[in-house]
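Only one structure is covered here, and it is reproduced in the block below.
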Amino acid sequence: MAKRGGFPGGMGMPGNMNNLMKQAQKMQKQMEESQKELESKEFTATAGGGAVEVTVSGKKEVTKVKLAEEAVDPDDIEMLEDLIMVAVNDAMRQVEETSAAAMSRLTGGLGGGFPF
């Protein structure tokens, strides 16, 4: 009587699944390395023609804010707030774009997805 279920004689799917698992582990390691590399970088953005400069780490933490003396006007606090907001948002966008580009490089080799 024929055996029901399971995989046929050690060929076919088990070998493919093993290769797929190895590829997934390799990709996971590359993703972890890419994340560590990103976290070690700094991204700087300016606003107001350089009146405000903000530096953000790859971990999305503000690490430095530099203000030009002329940007600090007690009669126009709103302008300074806006410049800081613009610079922070631009620096955060740089982090996101760099992260997305790194992920695209890693996942671009999948060639249309998984074979199942």
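Computed from the coordinates by the stated procedures, all read-outs in this text should not be read as laboratory data. Every value quoted in this text rests on a predicted model; they were computed, and no experiment measured them. With ideal geometry, Cβ positions are generated from the backbone for all residues, glycine too; neighbour counts draw on all protein chains shown.
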Task: Net charge over other residues, Cβ less than 13 angstrom from the Cβ of residue 38 (K, R count +1; D, E count -1) - done: -3
Task: Burial ordering of 83, 106, fewest other beta-carbon atoms within 10 Å first - done: 106, 83
Task: Hz values of 3J(HN,Hα) by residue in segment 35-49 - Karplus curve (6.51, -1.76, 1.60), Gly and Pro given as x - done: 5, 4, 5, 4, 5, 7, 8, 10, 10, 10, 9, 10, 9, x, x
Task: Nonlocal amide H pairs with residue 63, under 5 Å, H built at 1.01 Å - done: 55, 56, 57
Open item on the list: Checking the cross-link filter: which lysines have an alpha carbon closer than 28 Å to that of residue 41, excluding same-chain neighbours under 8 positions apart?
Closed with: 26, 29, 59, 60, 64, 66
Open item on the list: Would any residue of segment 91-105 have its amide N under 11 Å from a label point 7 Å out along Cα→Cβ of residue 26? List them or say none.
Closed with: none
Task: Cut-off under 5 Å, modelled amide H: who pairs with residue 41 long-range - done: 58
Task: Under Karplus coefficients 6.51, -1.76 and 1.60, residue-wise ³J(HN,Hα) of segment 55-60 in Hz, glycine/proline x - done: 10, 10, 7, x, 8, 6
